[in-house]
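Inspection log for the structure reproduced underneath, given as structure tokens.
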Amino acid sequence: MKRLFVICLLIFISCNNENASDCFQTAGTLVKEIREVPVFDKILVLEGVTLVVKMGDEHKVEVESGKNLINDINVHVDEGKLILADHNSCNYVRDYDKTKIYVTVPDLKEIRNASQFTVYSDGVWEFSNLLLISEQYSTGNYQSVGDFDIDINMETLRLNFSNLSNCYARGHVQNLELRYTAGNGRFEGAELIAENVSVYHRGTNDVLVNPVQSLKGQIISYGDVRSFNKPPIVEVEEVFKGRLIFED
């Protein structure tokens with residue numbers, strides 16, 4: 001029995017350091033470090049990373065993970081795009097969702113969520129024109145299952161989704177452009193006051209919107225568009241089984 005205890009202790013010690021094999025490596029104590037990067041206005045978050053974005057006056061990237069994992073988390077900028085990757089891919093002994101990256105940025109034009117985890121806003125985003133992407137048709141073999149959970153007050157928000165990602169949005173936007181080309185992704189926008197809504201819905205889940213002035217678009221699959229207000233201008237074509245439904 002004593003011998004078994006010693007063996008288990010040695011295995012634990014060997015796994016609890018940054019040089020252990022990825023598959024058996026423990027995360028270690030949670031640590032944070034600042035990564036210096038050049039200016040960027042786009043973000044690509046890859047598998048294994050939870051992203052939290054805050055609007056601020058500076059460009060700042062802070063990585064949070066286990067001390068045994070943090071050296072394998074890559075942060076770099078390529079042609080104005082911040083790319084976030086966790087290369088600790090093999091995991092038998094530690095919890096998932098250990099790596100979080102906190103980004104502060106004055107302006108953003110695009111976020112692609114190619115992680116299995118959620119992208120969160122910290123505070124209210126006031127970027128002027130933002131595109132959120134989670135789709136599987138681009139080159140790069142990106143995942144398209146991670147969600148967005150955001151509070152906004154902006155001019156234009158655009159979504160390009162095609163698989164299982166959901167978006168939970170609250171606040172106010174002047175122009176909301178939704179493009180669901182396939183999949184079972186859902187848009188939860190009942191608490192997002194949108195002056196003008198344009199929707200192309202070819203998915204199987206529901207899209208919830210709250211338009212004020214106009215609602216235009218096409219519904220060409222099984223998913224419904226549920227509107228929590230009836231604006232003066234409604235121009236929506238129902239091509240297949242999905243319907244435009246005005247909620248009470």
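Just so it is clear, none of the values below were taken in a lab; they were calculated from the coordinates. Bear in mind that the values here come from a model prediction, so they are computed numbers and not experimental data. Note that we place each Cβ from the backbone using ideal geometry, even for glycine, and neighbour counts take in every protein chain shown.
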Just to be sure I understand: of the beta bridges DSSP finds with both ends in the chain, what percent are antiparallel, rounded to 5?
20 percent
Assuming a ≥ b ≥ c are the square roots of the Cα gyration tensor eigenvalues, decide whether segment 156-204 counts as rounded (a/c under 1.5), prolate (otherwise, with a/b larger than b/c) or oblate.
prolate
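Go ahead and run the numbers for FRET between Gln213 and His87, Cβ-Cβ distance against an R0 of 51 Å, rounding to 0.05.
0.60
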Quotient of C-alpha Rg and 2.2 N^0.38 Å, computed over segment 124-248:
0.97
Mean Cβ-within-10 Å packing, highest first, puts peptides 100-106, 51-57 in the order 100-106, 51-57
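For Glu195 and Asn229 in one chain, what is 0.36 nm times their gap in residues minus the Cα-Cα distance, to one decimal in nm? Before the final figure, lay out each step's value.
Details: separation 34, 0.36 × 34 = 12.24 nm, distance 1.08 nm.
Gain in length upon complete extension: 11.2 nm.
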Got a sec to turn the phi values of segment 70-82 into Karplus ³J(HN,Hα) couplings, 6.51 cos²θ - 1.76 cosθ + 1.60 with θ = phi - 60°, whole Hz, x for Gly and Pro?
5, 6, 9, 9, 9, 10, 8, 10, 10, 6, x, 10, 7
Expressed in nanometres to one decimal, the distance between label points 7 Å along Cα→Cβ at Thr156 and Val31 is 4.4 nm
Quick calc: nm separation of the 7 Å Cα→Cβ label points for Asp107 and Glu58 -> 2.0 nm
Could you work out how far the C-alpha centroid of segment 159-191 sits from that of segment 25-59, in angstrom?
24 Å
So what is the relative contact order of the chain, in percent, for Cα pairs below 8 Å that sit 6 or more residues apart?
12 percent
Hand me the GluC sites (Glu not before Pro) from segment 194-248 located in a DSSP loop with no more than 12 other Cβ atoms within 10 Å, in residue order please.
Glu247
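For the chain, what number results from the quotient of the Cα radius of gyration and 2.2 N^0.38 Å? Before the final figure, lay out the partial values.
Working: Rg = 21.2 Å, N = 248, 2.2 N^0.38 = 17.9 Å.
Cα Rg divided by the expected 2.2 N^0.38 Å: 1.19.
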